[in-house]
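Remarks on the structure that follows.
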Amino acid sequence: MTKKAQASMKPGLSMRHVLCFGWKLVILVSVAICVFAYLRIQQYSQSTAALPRKSRSLAYDFSGNPKIAFLFLVRRNLPLDFLWETFFENVDRENFSIYIHSEPHFVFDESTTRSTIFFNRQLRKNIKVAWGEASMIEAERILFEEALQDPANQRFILLSDSCVPLYNFSYIYHYLMGSPRSFVDSFLDKKDVRYNPKMSPAIPKQKWRKGSQWVTLIRRHAEEVVDDEIIFPIFKKFCKRRPSVDASKGRKNLKLQKQHNCIPDEHYVQTLLAMKNLETELERRTVTYTVWNQSTTNTDNGGWHPFTFSYADAGSEQIKRIKEIDHVYYETEYRTEWCSNNSTSVPCFLFARKFSQGAAMRLLSQGVVGNFEVSALLEAPP
């Protein structure tokens with residue numbers, strides 16, 4: 001073979017080498033991407049399955065008298081403190097604890113509350129809370145974290161500043177202590193558009209849940225909320241409330257309205273416990289009654305908001321109707337949740353919201369709140 005012929009073959013050989021090297025590089029990069037994706041998914045799945053426990057100053061194992069921790073998440077003060085003072089009156093302090101998350105630097109003392117039982121019950125660690133923001137669930141986590149420091153606290157009730165008790169302390173205490181489960185309103189909303197695909201793979205859509213913010217947890221579930229180091233940061237990043245309509249912002253407003261809309265406090269605890277495969281340990285309903293009405297104001301953009309009970313709405317007949325509710329129907333799941341406690345039929349709700357000061361005063365003046373015998377809880381269902 002002549003030198004000219006050999007020379008004419010070198011470019012062809014060189015091209016084949018280049019193509020071969022290129023394909024090898026493509027395959028190598030593809031494998032690297034697949035391995036990275038696999039490790040990323042494994043990281044999330046393992047971390048959500050077994051998160052590291054935060055060390056606590058007090059032992060978890062407790063054999064003394066169990067307490068209920070009342071966790072008040074309030075804007076500033078407690079406008080219904082006079083009603084709660086009556087509720088806690090003559091109750092053994094060994095049966096309950098009180099924790100209040102208010103705005104930073106607000107102090108509960110003789111100048112801010114009419115009830116000594118709330119004196120200095122505000123948390124030293126607190127944050128500024130905004131409705132529909134991750135700060136709401138961050139404040140909830142702070143409340144649970146503080147209450148967990150007392151090993152006697154075995155049930156944890158999250159309450160707002162407009163909540164009222166529907167029964168006396170004794171009934172509520174036996175109701176909650178008699179159940180080994182948490183009470184968490186949790187359901188799958190097929191019409192829900194709040195799930196952000198960017199949460200995947202850490203939070204798969206099939207684990208996304210919706211429900212009431214006002215939960216009642218057993219101690220182990222409260223620990224799951226406090227110890228979570230994976231789900232909360234994802235909520236903080238990808239679950240945000242869309243800004244209200246503001247026509248004055250023009251095109252900027254239109255851009256804002258295209259943002260994904262998510263209300264963290266209506267999804268966080270429910271989704272976290274679903275991710276932990278703990279739903280079989282729940283009564284999937286809340287014990288706090290709320291009536292929802294649709295606002296027609298432009299500011300709220302037609303959003304749903306809780307109905308506020310006024311003096312006229314807080315009569316004995318209205319409260320009686322709430323107490324007689326024995327089941328909750330979840331339309332999106334075609335599920336009826338019959339309210340029971342250890343196979344015994346019980347009223348669904350122990351608390352209700354939102355109540356004005358006038359409404360709370362009427363409840364007291366008519367003796368509507370309380371006066372319910374514990375023995376009724378133990379009676380067999382009809």
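Output needed for region 76-120: three equivalent-ellipsoid semi-axes, defined as square roots of 5 times the C-alpha gyration tensor eigenvalues, in descending order, whole Å.
Values: eigenvalues 72, 28, 15 Å².
After diagonalising the Cα gyration tensor, the semi-axes are 19, 12, 9 Å.
Could you state the per residue volume, in Å³, of the convex hull enclosing the Cα atoms of region 88-181?
Numbers: hull volume 12.1 nm³, N = 94.
For region 88-181, the hull spanned by Cα atoms encloses 129 Å³ per residue.
Please express the shape of region 194-238 as an equivalent ellipsoid: the semi-axes are the square roots of 5 times the eigenvalues of the C-alpha gyration tensor, given largest first in whole angstrom.
Those come to 21, 13, 9 Å.
Could you give log10 I(q)/I(0) at q = 0.18, 0.22 Å⁻¹ for region 153-240, computed by the Debye formula over C-alpha point scatterers of equal weight, without solvent?
Log10 of I(q)/I(0), two decimals: -0.96, -1.20.
What ranking do 114-120, 140-146 get when scored by the average of other Cβ atoms within 10 Å per residue, highest first?
Descending mean neighbour count gives 140-146, 114-120.
Taking the Cβ-Cβ separation of Gln318 and Leu25 as r and a Förster radius of 51 Å, what is the calculated FRET efficiency to the nearest 0.05? Write out the running numbers ahead of the final one.
Details: r = 73 Å, r/R0 = 1.43.
So the FRET efficiency works out to roughly 0.10.
Read-outs throughout are calculated quantities, based only on the coordinates presented, and are distinct from any laboratory measurement. On a predicted model such as this, the values are computed, not experimentally measured, just so you know. Positions of Cβ are generated from backbone atoms using ideal geometry, with glycine treated the same way; all protein chains shown enter the neighbour counts.
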